[in-house]
Amino acid sequence: MGGTDSVSLKRIVFLTVGTTSFDALVKVADTLEVKQELTRRGYTHLLIQMGRGTYLPAESIGEDGLLAVDCFTFSSSIADHLSSASLVISHAGSGSIFETLRLGKPLIVVVNEDLMDNHQSELAEELADRKHLYCAHPQSLHQVIVGMDLKSLLPYQPGDATPVAKLINRFLGFPDD
Amino acid sequence: MAIIATSVAIFLIRLLHVLYLTGKSRRLKSPQPLSTLIVLGSGGHTAEMMNLLSVLQMDRFTPRFYIAAATDNMSLQKARVFEDSLLHKKVIKGSSAQFMQIYRSREVGQSYVTSVWTTLLATTHALWLMVKIRPQVVLCNGPGTCIPLCVIAFLFKVIGIRWSSIFYVESIARVKRLSLSGLLLYKLCIADQFFVQWPQLQRKYPRAHYVGCLM
């Protein structure tokens, strides 16, 4: 009989920037105050997927009383990391957002203010208005984590592409199914 | 001179004719499968496109041609995986899909000034590909690569090379403002059907069809 099932005791915060470079987010996640707040809330691990960023967060096994921190650049599919996370902090890419929402994971979306023509913030703000996730900027991430009430988030009902298929089929003269 | 004037006149008449027919369904008695061009793009575009393709009947949209930008490594791979899964699930019998790359009109963040030249280059490449493919259906959802392809498809209609139906689905990430590609295709009336996923856009662009979130 082995030791305790360590997977069930882990509460992992998964931070992802997708294929982008988002040093501002990685830096703020690496700050003492954010790590302290996440630890206070019972998270045991912070796993940072840093993409094309150049800032290297300090890795730790948690010997300093704070949650353990680990990082990597890319993975072929972040689906596994999303599945095992208790909280996801993500850049505002629609792929990351919907992949996370469809898994039913609590999500904080952080908008990258350095991007020109930031249309991504529209989606994050709209979904935050509908209470499906929390929306933040790198500077407000700590505040959002302090104030968040994950139980108040509403589950996202996955969308459906069949209305479009119907319209396309009708236009082309194909019979309705 | 007379020849040039006549050609221009015919072109303009054809142009008006095609614009008049844009958006009007051409119902056929027993529609044959239609050759389909699928434009893929980096970021969420390909994921959204795969999501749409999974609810379309593939025997109606065949042969399929997937085009992605030359600098986009992942999209064609995702398309191949999708086509393989169709074969695996026996949805289709043989592989009727082709995968191609196209020079990009504009890289993310590229200045609009240099983009004029790269767009011309991309348009020439697009013309070459479109002459080979001559699709009857064009499906696109936002990446800049779709602009030269859609414009050429529209021109093929005007000149009479190939009639096609052009469908544009604006990305789910566009809530209040259209993308540049969407704006161009909407204003120029190039798309036969223009779909938006948020009600705010439908209010702003009344010729668009609001279809809710697809993801």
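Residue-level check: of (1) part of a helix (DSSP H, G or I); (2) surrounded by fewer than 21 Cβ atoms within 10 Å (Cβ to Cβ), residue A:164 misses just (2). Residues being within 12 Å of another protein chain (Cβ to nearest Cβ), of a type outside the set (Gly, Ala, Ser), closer than 25 Å to residue B:212 by Cβ and in contact (Cβ under 8 Å) with a residue 40 or more places away in the chain are entirely absent from region B:67-78. Candidates in region B:34-66 are the residues that are open to solvent by 10 Å² or more (accessible area, probe 1.4 Å), closer than 22 Å to residue A:99 by Cα and not aliphatic (A, V, I, L, M); of these, the one that is nearest to the other protein chains (Cβ to nearest Cβ) is B:44.
In region B:11-63, which residues are under 30 Å from residue B:84 (Cα atoms), β-branched (Val, Ile, Thr), in contact with a helix residue (DSSP H, G or I) (Cβ under 8 Å, 6 or more places away or on another chain) and not in a strand (DSSP E or B)?
Those that are under 30 Å from residue B:84 (Cα atoms), β-branched (Val, Ile, Thr), in contact with a helix residue (DSSP H, G or I) (Cβ under 8 Å, 6 or more places away or on another chain) and not in a strand (DSSP E or B): B:46, B:55.
Just checking, does region B:126-142 include any residue being in contact with a Phe, Trp or Tyr (Cβ under 6 Å, 6 or more places away or on another chain), more than 11 Å from chain A (Cβ to nearest Cβ) and of a type outside the set (Ser, Thr, Tyr)? Yes, there is a match, as at least one residue in region B:126-142 is in contact with a Phe, Trp or Tyr (Cβ under 6 Å, 6 or more places away or on another chain), more than 11 Å from chain A (Cβ to nearest Cβ) and of a type outside the set (Ser, Thr, Tyr). If only residues of region A:52-97 that are touching a residue at least 40 places away in the same chain (Cβ under 8 Å) and closer than 25 Å to residue B:81 by Cα are counted, the one that is farthest from the chain's Cα centre (by Cα) is A:74.
Of all residue pairs spaced 6 or more apart or on separate chains, those with beta-carbon atoms under 9 Å, a first member in region B:201-215 that is closer than 12 Å to residue B:182 by Cβ and within 13 Å of chain A (Cβ to nearest Cβ) and a second member that is assigned to a helix (DSSP H, G or I) and open to solvent by less than 30 Å² (accessible area, probe 1.4 Å) are B:201/B:182; B:208/B:182; B:208/B:186; B:208/B:201.
Elements of the type helices (runs of 4 or more DSSP H) sitting completely within region B:119-215 and holding at least 2 residues that are open to solvent by less than 20 Å² (accessible area, probe 1.4 Å): these cover B:146-159, B:180-187. Do we have residue A:34 as touching a helix residue (DSSP H, G or I) at 6+ places or on another chain (Cβ under 7 Å) and in a strand (DSSP E or B) here? Spelling it out, it is not the case that residue A:34 is touching a helix residue (DSSP H, G or I) at 6+ places or on another chain (Cβ under 7 Å) and in a strand (DSSP E or B).
The values are calculated or read from the model by the stated rules, or taken from the named source; none is laboratory data. For clarity, every value in this text was computed on a predicted model and none was experimentally measured. Glycine also receives a Cβ, built like all others from the backbone with ideal geometry; neighbour counts cover every protein chain displayed. Only protein heavy atoms, including side chains, enter the accessible area calculation; ligands, DNA and RNA are left aside. Shrake-Rupley method; radii C 1.70, N 1.55, O 1.52, S 1.80 Å.
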